[in-house]
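Notes for the one structure printed next.
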Amino acid sequence: MKFNKKDFNTLTKIITSRRDVRGNNFISKKISKKKLDMILQSALHAPSVGYSQPWQFIIVDKEKQELVYNHFAKSFDKSKELFIDKPLYKNLKLEGIKESNVNIAVYYKKNKDNILGQTYMKRTGEYSVVCAILNMWLTARALNIGMGWVSILKPKKINKIFNINKDEYKFIAYLCFGYTKKFYDEPELKKLKWNSKKKLKDCILN
């Protein structure tokens, strides 16, 4: 299969329009099962080391959402101490656990067998799961559905909430999906001047 310039332009538009959506932007409209399946199916097409496909997903129920939110709130309060020099931090909305329509916890399934390509770089299995997450993010954006990645969470606490054995699985991400009021023309943290956008030359090591 060959792609044309129009395909490339569409892909570029989706990539550059991807945003990390937070609770101040989600609306109550529900995601259909069909579209949720499309998002999850896209994850299965991600590259994985040794074709190991080590991703596992938990569609989070409301009871567990509440537990995750309570843990997040405590973690966020503690994290404020690390950003005393940035007053903006305490006013940031950094999650959409309750406001979003669907929460998904993503895990890496550990493998006791030898995996092709993982002999010396053990974490490539985890990187494969992150590739799956990016597929989900871009597919959601193409469907005009927002996604937010909640990272101020302690894996040990999340494992306890979901009764997960850390010897078998590793927590990678907690994702929030939902329709939005709008998609910002620029990343929210850039608009708030939290940080500036790097240029390509700044990312090339000489």
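When a/c reaches 1.5 or more, the comparison of a/b and b/c decides; with that in mind, is region 103-206 rounded, prolate or oblate per its Cα gyration tensor?
It is oblate, given that a/c is not under 1.5 and a/b is not larger than b/c.
Starting from the Cα gyration tensor of region 101-162, take the square roots of the eigenvalues, sort them a ≥ b ≥ c, and report rounded, prolate or oblate (rounded when a/c is under 1.5, otherwise prolate if a/b is larger than b/c, else oblate).
Oblate, since a/c reaches 1.5 and b/c is not below a/b.
Where only protein heavy atoms count, and the probe is 1.4 Å, what is the accessible area per residue for the chain in Å²?
Ligands and nucleic acids excluded, the result is 67 Å² per residue.
Could you list, in their original order, any pairs among 90/191; 34/110; 78/190; 122/170 whose Cα atoms are separated by more than 19 Å?
Long pairs (Cα-Cα over 19 Å): 34/110; 78/190.
Quick one: net charge of residue 10's neighbours, Cβ under 14 Å, K/R +1, D/E -1? Let's see the in-between values first.
Values: positive: 5, 6, 13, 18, 141; negative: 7.
The answer is +4.
Which of 72, 171, 57 ends up with the largest GNM mean-square fluctuation for the chain, with Cα atoms connected below 10 Å?
The residue with the greatest mean-square fluctuation here is 57.
Using a ≥ b ≥ c from the Cα gyration tensor of region 1-95 (square roots of the eigenvalues), is it rounded, prolate or oblate, where a/c under 1.5 gives rounded and otherwise the larger of a/b and b/c decides, a/b for prolate?
prolate
For residue 87, what is the net charge nearby, where nearby means another residue's Cβ is under 14 Å from its Cβ and Lys, Arg count +1, Asp, Glu -1?
Spelling it out: positives minus negatives among the neighbours equals +2.
So for 17, 100, what's the accessible-area order with a 1.4 Å probe, most first?
Accessible-area ranking of 17, 100, largest first: 17, 100.
Can you tell me the order of 20-29, 157-166 when each peptide is scored by its average per-residue count of other Cβ atoms within 10 angstrom, highest first? Could you put the intermediate results ahead of the total?
Values: 20-29: 17.4, 157-166: 14.7.
Result, highest mean first: 20-29, 157-166.
The values are calculated or read from the model by the stated rules, or taken from the named source; none is laboratory data. Because the structure is a prediction, the values reported are computed rather than measured. Counting neighbours? That spans all protein chains shown, and the Cβs are built from the backbone with ideal geometry, glycine included. Ligands, DNA and RNA are stripped out before the accessible areas are found, and what is left, the full protein with its side chains, is counted by its heavy atoms. Shrake-Rupley method; radii C 1.70, N 1.55, O 1.52, S 1.80 Å.
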